[in-house]
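Step one of this worksheet: look at the structure below.
The values are calculated or read from the model by the stated rules, or taken from the named source; none is laboratory data. Source: prediction; values computed, not measured. Cβ coordinates were reconstructed from backbone atoms using ideal geometry, including for glycine residues, and neighbour counts include every protein chain displayed. Areas reflect the complete protein model, heavy atoms only, side chains present, ligands, DNA and RNA absent. Shrake-Rupley method; radii C 1.70, N 1.55, O 1.52, S 1.80 Å.
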Amino acid sequence: MQDQTAQIEWREGRVPVSTQFDDPYFSLENGMAETAHVFLAGNDLPARFSDGFHVAELGFGTGLNFLVALQAFRDCGCGGRLHFTSFEAFPLDMDDLRTALSAFEGLPADLARAQDYPERLEGPDFTLRVIVGDARATLPEWDGRADAWFLDGFSPAKNPELWSPELMAQVGAHTAQGGTAATYTAAGFVRRGLAEAGFEVSRVQGYGRKRHMTRGFMP
């Protein structure tokens, strides 16, 4: 793994905030509810879950999105295995990751039990891979295709590199036909980038104080 770990501070004693991007890792209101609204409902999940379903993500962060998705996959009763691939440039220290996740109740414990950062983690019903490095370099080399994308980088205003048209084009190129993408941001250049990548893009109601978010469908 690369040596460049995330630098954080704690807000309200429980919310990790990136000091590099001055942005929290999850909603200050309710991170689990935000994930359910933006990334699950935004990708028509859990209704679309099936054996072998593949979620890909920009920005692993605390792993909260993965755990919320895994719990929804288990609750849906569809059986089989969930594949989850995330791209992360600044991995959290595992102690910080566990501390962040301890703020939430009802999450699967699979990630907290991991001894090392989960670049590869296998469970009875999931395969998790976190690809560490700059997604602009690592995503083009990835040989997979996602059924659903969780686009969860830090704010486009503070981390525009993770929302560039070139990277959105790679997201589109690594999306299965009929696949989807969702993100909390409704920034115009992000929506245009997704449209240029081949997605049918719509702006829908956001979570909490965010008026709008973005969904994409790959025809």
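Rounded to two decimals, the Cα-based Rg/Rh of segment 92-209, with Kirkwood Rh, is 0.98.
Taking all protein chains together and rolling a 1.4 Å probe, E12 ends up with roughly 130 Å² accessible.
Counting only protein heavy atoms and using a 1.4 Å probe, the accessible area of S155 comes to about 30 Å².
Its Cα centre serving as origin, segment 104-173 has a Cβ charge dipole (Lys and Arg +1, Asp and Glu -1) of approximately 140 debye. Over the residues of the chain, the helix contribution to mean residue ellipticity at 222 nm works out to -6000 deg cm²/dmol, using -39500 (n - 2.57) for each DSSP H run of at least 4.
Quick one: putting +1 on the C-beta of Lys and Arg, -1 on the C-beta of Asp and Glu, what dipole do you get for the chain around its Cα centre, in Debye to the nearest 20? The dipole of the chain has a size of about 760 debye.
Couplings for segment 156-163, taken from phi via the Karplus curve 6.51 cos²θ - 1.76 cosθ + 1.60 with θ = phi - 60°, read x, 5, 10, 9, x, 4, 7, 10 Hz in order; Gly and Pro are left as x.
Among beta bridges identified by DSSP and lying wholly in segment 145-219, the antiparallel ones come to about 65 percent. If you take the square roots of the eigenvalues of the alpha-carbon gyration tensor of the chain and sort them as a ≥ b ≥ c, do you get rounded (a/c under 1.5), prolate (a/b over b/c) or oblate? Verdict is rounded for the chain. Within segment 134-188, the proportion of C-alpha pairs whose separation exceeds 15 Å stands at 47%. Of the listed residues H83, H54, the order by accessible area with a 1.4 Å probe, largest first, is H83, H54. Of the solvent-accessible surface of the chain, computed with a 1.4 Å probe over protein heavy atoms with every protein chain present, carbon and sulfur atoms account for 44 percent. Among H37, H174, the order of accessible area from largest down is H37, H174, computed with a 1.4 Å probe on protein heavy atoms. For the chain, modelled as a GNM whose springs connect Cα atoms under 10 angstrom apart, the maximal fluctuation among Q115, Q177, Q71 occurs at Q115.
Rolling a 1.4 Å probe across all protein chains gives L58 an accessible area of roughly 0 Å².
Local charge for G208 was computed over the other residues whose Cβ lies under 14 Å away, with Lys and Arg +1 and Asp and Glu -1, and equals +1.
With protein chains left intact and a 1.4 Å probe, residues in the chain average 45 Å² of accessible area per residue.
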